[in-house]
Amino acid sequence: MKNKVTMPDQDKSDRVIIVGAGPVGLFAAVRLVNFGIPVTLIDKIPTVSNDMRASTIHPPSLEMMAPYGITKKILETGIKVPQWQIRNHTTGDKVVFDLNYISDETEYPYRVQFEQSKICEIINDLLERHPLSDICYGTEFIAFSQDKNGVSVKVRQGNQENTIHGRFLIGADGGSSAVRQQLGVEFKGSIYPERTVLVTTTFPFDLHIDELSSVSYCWSKNGNFSLLQLPDLWRASLYFPENMSPDEALAEEHVQQQLKEICPIDGPFEILDKRVYRVHQRIVNQYNHDRVILAGDAAHLNSPSGGMGMNGGLHDAHNLTEKLNIIWSQGNIDNHNKLLDLYSRQRKPIAEEQIIKQADENRKRMTEKNYQKRQKSLEALQVIEKDPVMCKAFLMKSSMFEGLRKAEEII
Ligand SMILES: Cc1cc2nc3c(=O)[nH]c(=O)nc-3n(C[C@H](O)[C@H](O)[C@H](O)COP(=O)(O)OP(=O)(O)OC[C@H]3O[C@@H](n4cnc5c(N)ncnc54)[C@H](O)[C@@H]3O)c2cc1C
């Protein structure tokens, strides 16, 4: 992979500086350069991100990425998932949600299972070929200052430090955002008590478990797990036994035993990767701070249940860059606060009420251990599944359309 290791251009100042070449920073960059706005994008990692986290792309994100050819590339190898399910793995009882119910609303009535790292690669390639983009990996954000003309950003590459200038700074530098920390704003919320074990395996669960969807959220006797298919792989998120240390939970023997509880096979599972993670739900009070704007995980974090964090961040990038384009094309860059306030007013309530809240409800439903309560929520979902009107409404919300439409109503 060819990636620039040069220092960002110090002579330019008529540009947007983006910190963080995760999916959100990259998507913001590709949108801006296509609007004709020069971008310098920096990331402290040495090359395009190979982050393993997100695997689910929802229909609105596919719509937003389509004009740049990103969706076409994703669909070349990504797995289309028109139906996803919640199942009681012990009894086989399940509810199956079919996105065909929303086929009158979108050209993409399915989720796509595709790695976050591959989205980053696709967008990175587009940017490397674009004359208005300047991507610098191996370049760490250190500090910023801002005044009525623009922003100055101190960056470090190895032992060398430099200051670069731009009109706006987008902090898309993830959950531990240094940009957010320097803004000094509170990242209000909490950390979930449980840990989760994330295992990647080549084992084809769909060939061994009857009627399994490529996206399946499951209750088992002792906990819960999810099985998510990716091109050539499956990702299993496994419950973390309360009395174990991370090392014990990750021990080969224990992981093999947990996988065998899901699907009893004779030999061992081929495991490509295993790790433990813990998640937060948090949000800042305001996304824009004059010329410095937060997007994606830097602004909000949620449980991965339902696959909405990266998607929500892509929607932030889409909304924010639309505002920056208007500001830029009006040629009145100094009069920006009204539109950037609107970005924050549109996106923050959606993150709170649609993404964080929905992900929290999904997590609560799946971590429930009481059999009767599980059965009750399964039966309630089966009522929704069988009613076309309720089912469409449920899918519009879980596919993130409802949040986007609510945001459009905020003026
Ligand atoms: C197990 C798991 C599964 C998930 N699955 C899904 C899913 O299926 N669907 C979904 O929508 N979401 C999912 N998510 C959430 C998703 O991964 C995140 O929401 C997404 O990565 C956020 O993207 P981002 O670009 O905002 O931040 P990040 O992906 O964290 O990128 C931030 C970038 O900023 C860089 N950076 C940080 N600090 C600096 C600095 N000081 N200077 C320069 N660069 C810096 C980092 O190197 C990084 O490359 C999942 C999360 C987890 C934990």
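The values are calculated or read from the model by the stated rules, or taken from the named source; none is laboratory data. Owing to the predicted nature of the structure, the values given are computational and were not obtained by experimental measurement. Note: ideal-geometry Cβ built from the backbone for every residue, glycine included; neighbour counts use all protein chains shown.
Couple of notes before you dig in:
- Looking across the range 118-172, the residues that are away from the ligand (no atom under 14 Å from the Cβ), outside any helix (DSSP H, G or I) and within 26 Å of the chain's Cα centre (by Cα) come down to Arg129, His130, Leu132, Ser133, Asp134, Phe168.
- Subset of the range 8-39 that is in a strand (DSSP E or B) and in contact with a helix residue (DSSP H, G or I) (Cβ under 9 Å, 6 or more places away or on another chain) - its residue that is nearest to the ligand (Cβ to nearest atom): Val19
- All positions within the range 75-88 that are out of contact with any helix residue (DSSP H, G or I) (no Cβ under 7 Å at 6 or more places or on another chain) and without any contact (Cβ under 8 Å) to a residue 60 or more places away in the chain: Leu75, Glu76, Lys80
- For the range 253-285, a residue qualifies if it is under 13 Å from Phe203 (Cα atoms) and touching a strand residue (DSSP E or B) at 6+ places or on another chain (Cβ under 7 Å), and the qualifying residues are Leu259, Ile262, Phe269, Glu270, Ile271, Leu272, Asp273.
- Evaluation of Asp43 against (1) away from the ligand (no atom under 13 Å from the Cβ); (2) acidic (Asp, Glu); (3) in the same structural domain as Ile135 (by TED's automatic domain parsing) (one fails), failing number: (1)
- Residue tally, condition surrounded by fewer than 17 Cβ atoms within 10 Å (Cβ to Cβ) and at pLDDT below 95, over the range 277-296: 2
- Within the range 328-351, at least one residue is within 30 Å of Phe225 (Cα to Cα), of a type in the set (A, V, I, L, M) and in contact with a Leu (Cβ under 8 Å, 6 or more places away or on another chain).
- The single condition from (1) surrounded by 15 or more Cβ atoms within 10 Å (Cβ to Cβ); (2) farther than 20 Å from Thr56 by Cα that Arg363 fails is (2).
- Top-ranked residue in the range 175-190 [being at negative phi and part of a strand (DSSP E or B); ranked as nearest to the ligand (Cβ to nearest atom)]: Ser190
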